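So the structure is just underneath, and the comments pick up after that.
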Amino acid sequence: MSSIAALQKNGGFVLGNAVGSVIVNTGLTLGLAAVFGKIIMDRKTSQKLNLLVMAVLLLILPTIPYKFGSAHGKLPQWLGFIFLLLVPVYLFFLIKQEKNKNSKEEKKEVDNHKKAFLLLGKIIVAAGIISASASLLVDSVEVIASRAGISDVIISSTVVSLGTGLPELSTVLSSAKRKEASLALGNILGSNLLNILLVLGAAVALTPKGIKITTSFYLIHFAALSLIVGAFRFFAYRNKEKAISKWEGAILIGLYIGYLAANVMSVLKG
């Protein structure tokens, strides 16, 4: 979806959707998971969280120098290539984690080969359907934004990102009810990393002139991204148990609501 938007030269949609998805996953989804059941960080998820923090810093910091002497910052094309180069590094990291699994899981590996091929087939079919519908979605967002007088950045970072995040939200809430929210945590963090490294990376790499970043994007979207991811990391390492409690989950949800409120205020002022 983001790559198609990039090809259609809609950088605002690309950046808004990627950043908004991470905000939804971390603020709303993991916040609700913590409210319904305490989330405990294990070593693997802790490593993913640290990688996510580094990815967020790598996303924001290189854009700031372009802001000096200019009305806007820029997400340069070369950064997209760096993100893409980091994808195989991240995959190698995941493979290394898998090798550390216990012997019981290794015995299941042969039986899972058939399921893996079946799953791969489903992914290919799903990818085709998504590719066919993504262009229509991007066009629809642009039309709605134009008619409503609302920036496509706001729509993609709120409505679209929330819509694409609903399956993960449903999965996490289902796991939380079974008191297995911690199992879904690694998947959410992994999804956030791929949103930045792969999805956004591919889109930026396809944009020769880079993606412009407005002052309002720094003040609302990048600020919310930094605050929510930073708060989650603080809560995760606040105690020896490395757990996110219910009230901390409520704070994450509150931060997400504040992010939505900031977007509404931006629309009203604009």
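Accessible area per residue for region 172-270 is 49 Å², calculated with a 1.4 Å probe on protein heavy atoms, without ligands, DNA or RNA. These residues, Val267, Val89, go from largest to smallest accessible area, 1.4 Å probe, as Val89, Val267. Stretched out straight at 0.36 nm per residue, the stretch from Trp78 to Tyr66 would grow longer than its current Cα-Cα span by 3.0 nm. Counting 0.36 nm for each residue step from Leu268 to Ala250 and taking away their Cα separation leaves a gain of 3.8 nm. Each peptide among 184-193, 163-172 gets the average number of other Cβ atoms lying within 10 Å of its residues, and from highest to lowest they stand as 184-193, 163-172.
A probe of 1.4 angstrom, applied to the heavy atoms of all protein chains, finds Phe81 with accessible area near 100 square angstrom. Computed extension length for Thr171-Glu241: 22.8 nm, one decimal, from 0.36 nm per residue of separation with the Cα-Cα distance subtracted.
Normalised by 2.2 N^0.38 Å, where N counts its residues, the alpha-carbon radius of gyration of region 202-260 equals 1.51. Here Thr214 and Phe92 are evaluated by their C-beta separation; at R0 = 35 Å the FRET efficiency comes out at 0.45.
Nonpolar atom fraction for region 152-266, defined as the carbon and sulfur part of the 1.4 Å probe accessible area, stands at 68 percent.
Each residue was assigned an accessible area with a 1.4 Å probe, and for Arg178 the value is about 130 Å². Checked against a 19 Å cut-off, the cross-linked pairs Lys48/Lys242; Lys44/Lys242; Lys67/Lys209; Lys48/Lys246; Lys67/Lys269 give Cα-Cα distances beyond that limit for Lys48/Lys246; Lys67/Lys269. Taking a sphere under 13 Å around the Cβ of Phe234 and counting the other residues whose Cβ falls inside, with K and R at +1 and D and E at -1, yields a net charge of +2.
The values are calculated or read from the model by the stated rules, or taken from the named source; none is laboratory data. These numbers were taken from a predicted model, which means no experiment stands behind them. A quick note on method: Cβ atoms are made from the backbone with ideal geometry, for glycine too, and the neighbour counts reach across all protein chains shown. Accessible surface is based on the protein model in full, side chains and every heavy atom, while ligands, DNA and RNA are left aside. Shrake-Rupley method; radii C 1.70, N 1.55, O 1.52, S 1.80 Å.
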